[in-house]
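Nothing in this text is a laboratory measurement; each read-out follows from the coordinates by a stated rule. Quick caveat, the model's predicted, so the values are computed rather than measured. Here Cβ is always computed from backbone atoms with ideal geometry, including for glycine, and neighbour counts include all displayed protein chains.
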Amino acid sequence: MSAPAHPDSTDLDRLHSAVKREKEDLAPESQPAPLWAMFLLMLVAILAGGQLGPILNGGGVSFESSNLFVGSNSGDPRPTKGGEDQGADPFAKAMKKGAAGYAVCGGCHQGNGGGLPGQYPPLDGSEFVLGGTERLVRIVQHGLTGPVTVKGQGYNFPGGMMPFGASMSSEDLANVLTFVRNSWSNKAGMITKEMVAKVRDEEKRTTQWTAPELEPFAKKDIPGEAPGAAAPAAAAPAPAAK
Ligand code: HEC
């Protein structure tokens with residue numbers, strides 16, 4: 001057994017200086033990441049993964065509305081046959097457009113259709129909305145003025161309600177009226193643009209209606225096909241107009 005050969009002093013120096021260079025002491029402030037930081041990262045990962053959905057939902061953001069595969073008016077994720085678009089259901093289409101058009105009315109009759117006591121009569125539960133379609137169409141086409149009783153309450157807003165026949169197309173009016181007749185607690189047949197146009201053609205009026213003048217039409221429905229008459233039960237609940 002021979003003693004290991006000692007490297008010469010030059011080699012030792014070089015070796016030591018190399019070791020010193022490699023294993024320099026870390027500065028006291030550069031410690032490895034503390035454990036709590038790792039837990040924090042894990043927590044963030046968990047939240048961002050499985051838990052984010054329920055948390056957001058609890059906060060009122062619905063994932064359903066952003067679901068690309070489910071139409072807003074159907075629980076059936078399969079595409080409609082023949083590649084029809086989702087608005088093919090005339091009632092659902094009218095409700096969607098009518099909800100947007102209702103912005104014109106909502107300023108007075110309110111988003112919840114409740115009107116304003118002493119000023120604007122309600123549309124929710126109104127006999128003028130749910131009754132004969134001919135009276136309803138005439139009211140929006142030419143306006144209404146003078147005393148009127150709605151749901152047992154009297155209204156007589158100065159100047160009454162302006163006509164919409166000139167500013168809105170028959171289709172716009174039909175959609176809004178279908179929306180109004182099927183929102184809140186209301187459920188009634190839809191009104192088509194053909195129905196609105198029929199009354200428009202027959203009416204040669206230039207002034208607002210008064211309630212007594214319209215009494216003869218209170219129960220009169222405009223003849224014509226109402227494709228949505230049987231549809232409301234199957235349709236989605238009316239979007240809340242805000
Ligand atoms: C500037 C306010 C205003 C706007 C906008 C307005 N209305 Fe009216 N509406 C009234 C007032 C006021 C009356 C009552 C008129 C009267 O006193 O004779 C009325 C009456 C009615 C009535 C008959 C009474 C009832 O409550 O059922 C209907 C139906 C109606 N409005 C529908 C609509 C629709 C649909 C729209 C939107 C296209 C609309 N209104 C927009 C003010 C408004």
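For this structure, a couple of remarks:
- Rounded to the nearest 20, the Cβ-based charge dipole of the range 92-230 about its Cα centre (Lys and Arg +1, Asp and Glu -1) stands at 200 debye.
- Highest-first arrangement of 120-128, 157-165, where packing means the average Cβ count within 10 Å: 120-128, 157-165
- Hull shadow area, averaged, the range 92-230 [alpha-carbon convex hull, nm²]: 7.5
- Residue among LEU116, ILE222, PRO158 farthest towards the positive dipole end of the range 92-230, charges placed on Cβ: LEU116
- The range 149-220: relative contact order as a whole-number percent, Cα under 8 Å and 6+ apart: 26
- The packing ranking of peptides 100-112, 168-180, 32-44, highest mean first, is 168-180, 100-112, 32-44, where packing means the average number of other beta carbon atoms within 10 angstrom of each residue.
- Here the range 170-186 and the range 88-140 have alpha carbon centers that stand 6 Å from each other.
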